[in-house]
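A quick write-up on the structure given underneath.
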Amino acid sequence: MLESRQPTPTHRVSLVIQYLGTRFHGWQRQKAQRTVQEEIETAIATVLGYHVTLHGAGRTDAGVHAAAQVAHFDATGLIPAHKWATVLNSYLPPDILIRASAGVSDSWHARFSAVSRRYRYTIYTEALPNLFVTPFSWHYYYAPLDESLIQAALKPLLGKHHLAAFHRAGSARSHSWVEVQVAECHRSGPFIHIEIQANGFLYGMVRLLVGMLVEVGSGQRTLNNFTEIWQEQRRDEVKYAAPPQGLCLLRVGYPDFPFPSEIWYDTLPYLVFSH
C-alpha cells in the first residue's frame, strides 16, 4: 500500500527521457488513458513507496514522440540521483527509456528553467508506403513538395510573434506570443525534415503549422497568403493539422543543465535512404 502523503523531499532528480508516442495518449496524466507521465510516476512510486509528481518540460500530444524530453521529481531515500535512470528502466515498458538522471538544485524546474524547445517533423514523399518509416513520418505522396518554398515560408516566422493562427482550442495558456529561435527545412532523399525551435510552443502549434507548410510546398497556397494568415491571426483559415507520428520533441535547452551533450542534444537519427 502506497502512502498517501509524500515525506519532506531531500533532493531533486532530473531525467532525460525518450519515448515512442504511438501507444500513448500524450505526456500528461489523464483519467483512463495511458500516458508517459503516469507510467513513469508509477515506476517511481513502486521504488519509493509513495506517489510523486513528475514535472515535464513540455506536454506532447497523443502519438507524438520524444528523443530527449526532460522532467524532474522530488524524492527522499538513499538512491543517488545518477542511479535513477538504471533503476527506473527496470520497471518501465519498452516504449519508454530514461537516457540519464542527475541531481539538480531545488530551484531548478524542468519546465520553468527551460529556455528553448526544439521539434522535428518528418515527411516521407515516396509514392510507395514503407512499414519501417510509417511510425515516424507523415507519408505525403499526393503532390510533389518543394522544400525551398517551405523554407521561404518559415523565414518570416523567426523572432517574437503572436501566433494565434496556430493555437488549437482547449489550451489554458492566456496568450499566443512565441519567440521562434530556429525555423528550417531540408530534404534528404524522399524525406523532408522541418525543425522549429522556440522558447515555448502553443497547444497543437507545430502540427497546424506543418499542415499549412505542406500546402505551400505543394503549391496549393502562396507564400504571401501563408504569411498574411498568421500575421493577421486568421485562425479560421488554418484547417488541417499534420498527423502526430511525424512529430518528435527533439530536445530542451537550459542555461544550466547537468547532462553532457551526447545525452540530450542530438539523439534522434535522421530518416534517410542511401542509394
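Laboratory data are not the source of any read-out in this text; all were calculated from the coordinates shown. Bear in mind that the values here come from a model prediction, so they are computed numbers and not experimental data. Neighbour counts are summed over all protein chains in view; Cβ atoms, including those assigned to glycine, are modelled from backbone coordinates with ideal geometry.
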| task | Using just the helices of the chain, give the 222 nm mean residue ellipticity in deg cm²/dmol: DSSP H runs with n ≥ 4 each add -39,500 (n - 2.57), and the total is spread over all residues, rounded to 500. | result | -5500 deg cm²/dmol
| task | Once you've got the GNM for the chain with C-alpha springs shorter than 10 Å, pick whichever of Leu249, Leu209, Leu128 has the biggest mean-square fluctuation. | result | Leu128
| request: Largest first and to the nearest Å, give the Cα extent of the stretch 8-68 along each principal axis. | output: 35, 25, 15
| remark: Loop-resident chymotrypsin sites (Phe, Trp or Tyr not before Pro) in the stretch 186-266 with no more than 14 other Cβ atoms inside 10 Å, DSSP not H/G/I/E/B, are Tyr240
| Taking H as built 1.01 Å from N, whose amide H comes closer than 5 Å to the amide H of Ala62, not counting residues under 5 places away? | Gly26
| said: Give the residue list of chymotrypsin sites (Phe, Trp or Tyr not before Pro) in the stretch 67-129 that are DSSP loop and have at most 12 other beta-carbon atoms within 10 angstrom. | reply: Phe112
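Could you tell me what a quarter of the Cα convex hull surface of the stretch 1-131 works out to, in nm² with one decimal place? Walk me through the numbers before you get to the answer.
Working: hull surface 38.1 nm².
Here the figure is 9.5 nm², rounded to one decimal.
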| Once the Cβ-Cβ distance between Lys31 and His51 is put in as r, and R0 is 22 Å, what FRET efficiency do you end up with, to the nearest 0.05? | 0.90
| query | If one takes the longest principal axis of the Cα atoms in the chain, at what angle in degrees, from 0 to 90 and to the nearest 10, does the Cα axis of helix 36-48 lie? | reply | 10
| query | Which whole-number percent of Cα pairs in the stretch 137-224 have a distance greater than 23 Å? | reply | 23
| What number comes out for the charge environment of Trp108, summing +1 per Lys or Arg and -1 per Asp or Glu over other residues with Cβ under 15 Å away? | -1
| message | In whole Hz and in residue order, list the ³J(HN,Hα) couplings for the stretch 64-76 that follow from phi through the Karplus curve 6.51 cos²θ - 1.76 cosθ + 1.60, θ = phi - 60°; x for Gly and Pro. | response | 8, 8, 9, 8, 7, 5, 10, 8, 9, 8, 9, 8, 9
